[in-house]
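We did not get these values from a lab; they are worked out from the coordinates using the rules stated. What you see is a predicted model, and the numbers here were worked out from it, not measured in a lab. Neighbour counts are summed over all protein chains in view; Cβ atoms, including those assigned to glycine, are modelled from backbone coordinates with ideal geometry.
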Amino acid sequence: MFSFLVKKCISNAEQYEKSEVRTAYGNLASLVGIFLNIVLCALKFLAGTIANSVSITADAINNLSDAGSSLIALVSFKLSSKPADEDHPFGHARYECIASMIVATLILFLGIELISSSVDKILHPEIVVFSWLSFAILTLSIAVKLYMFLYNRKYGRLIHSSVMQATATDSISDAIATAAVLISMVISPLIHFNLDGYVGVVVACFILLAGYGIIKEALNEILGQAPSKELVHEIAKRIEGTSGVVGMHDLIVHDYGANRLFASVHVEVDYREDVFKSHDMIDNLEREFKQDMNIEMVIHMDPVVANDPKLNELKEYMNLGVKEIDKECSLHDFRMVPGETHTNLIFDVVVPFHVKMSNVEIQKRLEEHIKKKDHMYFLVITYDRLYV
């Protein structure tokens, strides 16, 4: 059904990177979610009343909150599609993260309320009545929620929507929770023991777990998580595969929401190359990143000496010392300044966050390393962090 609606309601539906197409997907998913959840809520209230089941009734309230979540998502897509302005030059796409956290808060509140009502049901059990109508309604609900999970996950990934992916997570949790309620309704009369309250607690735990996962993911996006390895690999592949590039370092990627990627990187070029030719190559690279990957890339050009055997030997020697500290450490911008009494080796060392040694400790280790080669060398090191 959703694919049919996409064909009928969204123009240029395969151009996922376009803001207006992305917003159309979000609006359509939200409206379908509101409709389906309201229908399921009404049906489950009927089933819960017939079966005298607190877990079914709680599941109905869960669907009502899901309809509210879809309404929040609808508003968030409207807000996040606003173009950049003077106050928000990076756009408004992070409204989706805020919406995801609101949805998660509602889910957590529902889970806590459900635990309370379920415990009361355990303490004061009532007879659960099996009904074929209730059985059919719950089975239909599971099927609908699985369907909502599939289309929200599929299109949420295609348009990079945290709200739709949060909805997908919530939908699969709902399907599991409703399946537990259904099993309880069938088994309780057979074993002459009321499982309703206990299943309600299990359902609540699923709901709380889903809410926690959504909040964690939204917080990661708001705080600024590291880019994916695939994205970093693709950026490095494009840069290092460009004629005239000697190397690259200091890649930083800022994610301001779907289709709002900003990045900066230092690209090394041979110092003997004509500066205008190198600058033209850099300009072309920046333009290609914008056209092909929709990344606003800023590239700093670093001229380096690439043909000095002595310099290359020292650089390789110091790189071995850096790798002894941690295999993910690296160095760049390696330069040598000779003097009458000593020679300065100037370079940057990139230190991953998991390395707990202080800069002073690293400096001492590297100085001990270079002194094994020659006491005339002095190290002038700038310490960087690994942002990718």
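Past the 31 Å Cα-Cα mark, which pairs from 154/356; 237/323; 277/310; 78/290; 121/154; 327/371? Please report the intermediate quantities before stating the final value.
Details: 154/356 40 Å; 237/323 23 Å; 277/310 27 Å; 78/290 25 Å; 121/154 38 Å; 327/371 21 Å.
In this structure, 154/356; 121/154 lie more than 31 Å apart at Cα.
Pairing the Cα long axis of helix 229-240 with the longest principal axis of the chain, what angle in degrees results, from 0 to 90 and rounded to the nearest 10?
Tilt relative to the chain: about 30 degrees.
Just how far, in whole angstrom, is the stretch 176-202 from the stretch 86-115 if you go by their alpha carbon centroids?
32
Please compute the Kirkwood hydrodynamic radius of the stretch 308-388 from all pairs of different C-alpha atoms, in Å with one decimal.
12.9
For the stretch 361-384 and the stretch 1-54, write down the distance between their C-alpha centroids in whole Å.
After rounding, the separation between the Cα centres reads 62 Å.
Name the residues of the stretch 235-252 whose amide N is less than 17 Å from a point 7 angstrom out from the Cα of residue 348 along the C-beta direction?
Inside the label zone: 236, 239-240, 246-252.
How far, in degrees from 0 to 90, does helix 132-158 lean away from the longest principal axis of the Cα atoms of the chain, to the nearest 10?
The angle comes out at about 20 degrees.
Chymotrypsin sites (Phe, Trp or Tyr not before Pro) within the stretch 1-38: which are DSSP loop residues with at most 11 other Cβ atoms inside 10 Å? Kindly include the intermediate steps, with their values, before the conclusion.
Numbers: sites: 2, 4, 16, 25, 35; in loops: 16.
Of the chymotrypsin sites (Phe, Trp or Tyr not before Pro), not one in the loops of the stretch 1-38 has a Cβ with at most 11 other Cβ atoms within 10 Å.
Mind listing the long-range amide H neighbours of residue 269? Cut-off is under 5 Å, sequence gap 5 or more, other chains count too, H placed in the peptide plane at 1.01 Å from N.
For residue 269, whose amide H was placed from the backbone, the distant partners under 5 Å are 246, 302, 304.
Rule-of-thumb check for the stretch 226-304: C-alpha Rg over 2.2 N^0.38 Å?
Dividing the Cα radius of gyration by 2.2 N^0.38 Å gives 1.07.
Given the peptides 379-385, 338-344, 147-153, arrange them by the average over their residues of other C-beta atoms within 10 Å, most packed first.
Numbers: 379-385: 13.7, 338-344: 9.9, 147-153: 20.0.
Descending packing order for the listed peptides: 147-153, 379-385, 338-344.
Give me the percent of DSSP beta bridges within the stretch 226-304 that run antiparallel, rounded to the nearest 5. Walk me through the numbers before you get to the answer.
Numbers: 8 of 18 bridges.
Taking every DSSP beta bridge with both residues in the stretch 226-304, the antiparallel ones total about 45 percent.
In nm, what is the difference between 0.36 nm times the number of residues separating residue 71 and residue 20 and their Cα-Cα distance?
Contour length minus the Cα-Cα distance gives 16.5 nm.
Residue 351's amide H: which non-local residues (gap 5+, or another chain) put their own amide H closer than 5 Å, with H modeled 1.01 Å from N in plane and none for Pro or chain starts?
Sorted by chain and number, the residues that satisfy this are 384, 385, 386.
Apply the Karplus parameterisation 6.51 cos²θ - 1.76 cosθ + 1.60, with θ equal to phi minus 60°, to every residue of the stretch 367-381 and state each ³J(HN,Hα) to the nearest whole Hz, in sequence, with x for glycine and proline.
My calculation for the stretch 367-381 gives 5, 4, 5, 6, 5, 5, 8, 6, 6, 7, 8, 10, 9, 10, 10 Hz in order.
Which whole-number value in Å³ per residue fits the convex hull of the alpha carbons of the chain?
Cα-based convex hull of the chain, divided per residue, equals 184 Å³.
Please give the direction-averaged projected area of the C-alpha convex hull for the stretch 2-223, in square nanometres with one decimal.
Hull-based average projected area comes out at 12.1 nm².
Would you please give the residues with an amide H less than 5 Å from that of residue 297, counting only those at least 5 places away or on a separate chain, with H modeled from the backbone geometry?
263, 290
Mind giving me the nanometre distance, one decimal, between the label points for residue 216 and residue 49, set 7 Å out from Cα along Cα→Cβ?
Roughly 4.0 nm, to one decimal.
For the pair residue 376 and residue 307, how long in nm is the line joining their label points, each one 7 Å along Cα→Cβ?
In this crude spin-label approximation the distance works out to 2.5 nm.
Go ahead and estimate [θ] at 222 nm for the chain from helices alone: -39,500 (n - 2.57) per DSSP H run with n ≥ 4, summed, over the residue count, rounded to 500.
Details: 11 runs with 243 residues, N = 388.
Theoretical 222 nm ellipticity from helices: -22000 deg cm²/dmol.
For residue 328 and residue 279 in one chain, what is 0.36 nm times their gap in residues minus the Cα-Cα distance, to one decimal in nm? Numbers along the way, then the final one.
Details: separation 49, 0.36 × 49 = 17.64 nm, distance 3.03 nm.
Length gained between residue 328 and residue 279: 14.6 nm.
Each residue of the stretch 217-225 in turn: what ³J(HN,Hα) in whole Hz from Karplus with 6.51, -1.76, 1.60 and θ = phi - 60°, glycine and Pro shown as x?
Here the 3J(HN,Hα) series is 5, 5, 4, 4, 5, 5, 6, x, 7 Hz.
Could you list the trypsin sites (Lys or Arg not before Pro) in the stretch 231-277 that lie in coil according to DSSP, counting only those with at most 10 other Cβ atoms within 10 Å of their Cβ?
272
Once label points are set 7 Å from the Cα along Cα→Cβ at both residue 340 and residue 230, what is their separation, rounded to one decimal in nm?
For the pair residue 340/residue 230, the computed spacing is 6.1 nm.
Tell me, what HN-Hα J-couplings in whole Hz come from the Karplus equation 6.51 cos²θ - 1.76 cosθ + 1.60 at θ = phi - 60° for each residue of the stretch 84-91, using x for Gly and Pro?
3J(HN,Hα) across the stretch 84-91, in whole Hz: 4, 9, 4, 7, 9, x, 9, x.
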